[in-house]
Amino acid sequence: MSNGLPRPVTAVIIVAAGSGERLGYGMPKARVPLGSDTVLTHALRGVAAAGVARQICVALPPGDTVLQELCETFAEELRAGHDGNPEAQIPLMTTVDGGATRAASVRSALAALLDGTEVVLVHDAARALAPESVFHRVVDSLAAGAVAVIPTIPVVDTVKTVSPTSGDDTTIAPELVTGTAPREELRSVQTPQGFRLSTLLQAHQAALGFDDKQAAAVTDDAMLVELLGVPVHAVHGATQSLKITTPLDLIIAEGLLEGPLGIRWVEG
Ligand code: CTP
Ligand code: MG
């Protein structure tokens, strides 16, 4: 599992403050039922099972007492589960109010990390079934000297760039193909993404100066670190780390839980 190098002091931020518009469940996505639990409970279990965190900090929709209680219950479960093993590290559970954007939710959690934190993993609650092996690959890479590391998987579709058609061409089709990206160089990017804490703080500080359009274009933390000119490394992710975004994704996640392959323990 581990590369044998000393593990840095690690905090895991789970961003769970989104509203889940595209899932269309009428409640924040973190609260949506998945199997016999919720999306957030599965995400928390995955982080706890990985055993890498000294602290787990969850960004929640402000005022969401249901999710607040869910986190408190989970913290009690963690303590109870470690009763027989006083040596084991029980992660400290912290919750913070999330912000209007994912990046703002990350910033809110960054402000609540314990002194002495060396590296931070930022994980989407929506990637509720991310396997523990991915957490280990990310932390091992940080332990080996990476400043920033992301889990990725190869792209299966051919990916093209397009632009809107104009003039008479709009009657033919809405878009015109402008190029084909070299697929062997492309990766789909997942979470948990790992960073030296000081680097991620610097990246998010720089993002505070973004205008609305720039802020809306921020879809992950690594892109902010890339803007600093810091190298970002990539390790293999997992297909079951899919981000539950649409109703189809929820069906797939349910299928993973119920299917013959079992839950998060299957590599993909
Ligand atoms: N997130 C967050 N704070 C926000 C927006 C998103 O913490 N203001 C979190 C979500 O809870 C999710 C992750 O970021 O775990 C990825 O975001 P996404 O999949 O887009 O979730 P939602 O924003 O909830 O979904 P949608 O965009 O469909 O509303
Ligand atoms: Mg969103």
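The values are calculated or read from the model by the stated rules, or taken from the named source; none is laboratory data. As the structure is a prediction and not an experimental result, all values here were calculated from the model. Using ideal geometry, Cβ is built from the backbone for each residue, glycine included, and neighbour counts are taken over all protein chains shown.
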Here are Leu60, Leu92, Leu70: which of them is within 16 Å of ligand 2 (Cβ to nearest atom) and not β-branched (Val, Ile, Thr)?
-> Leu60
Enumerate the pairs (first residue in region 129-154 and of a type in the set (Lys, Arg); second residue anywhere and modelled with pLDDT of 95 or more and buried (at least 24 other Cβ atoms within 10 Å of the Cβ)) with beta-carbon separation below 7 Å, excluding pairs fewer than 6 apart on the same chain, so at least 6 apart or on different chains.
-> Arg137/Pro151
Matching residues in region 127-155 (surrounded by fewer than 24 Cβ atoms within 10 Å (Cβ to Cβ), modelled with pLDDT of 95 or more and assigned to a loop (DSSP other than H, G, I, E, B)) number 5
Subset of region 47-70 that is closer than 10 Å to Val12 by Cβ and small (Gly, Ala, Ser) - its residue that is surrounded by the fewest Cβ atoms within 10 Å (Cβ to Cβ) = Ala48
Test Val15 against the criterion of being closer than 25 Å to Ser198 by Cβ and within 16 Å of ligand 2 (Cβ to nearest atom), and give yes or no.
-> yes
Look at Leu114 and say whether it is over 21 Å from Ala203 (Cβ atoms) and either surrounded by 15 or more Cβ atoms within 10 Å (Cβ to Cβ) or hydrophobic (A, V, I, L, M, F, W, C) (or both).
-> no
Which of (1) on the phi > 0 side of the Ramachandran plot; (2) in contact with a Phe, Trp or Tyr (Cβ under 9 Å, 6 or more places away or on another chain); (3) not β-branched (Val, Ile, Thr) is the odd one out, the single condition Glu132 does not satisfy?
-> (1)
Quick count over region 108-126, residues being within 16 Å of ligand 2 (Cβ to nearest atom) and of a type in the set (D, E, K, R), is 1
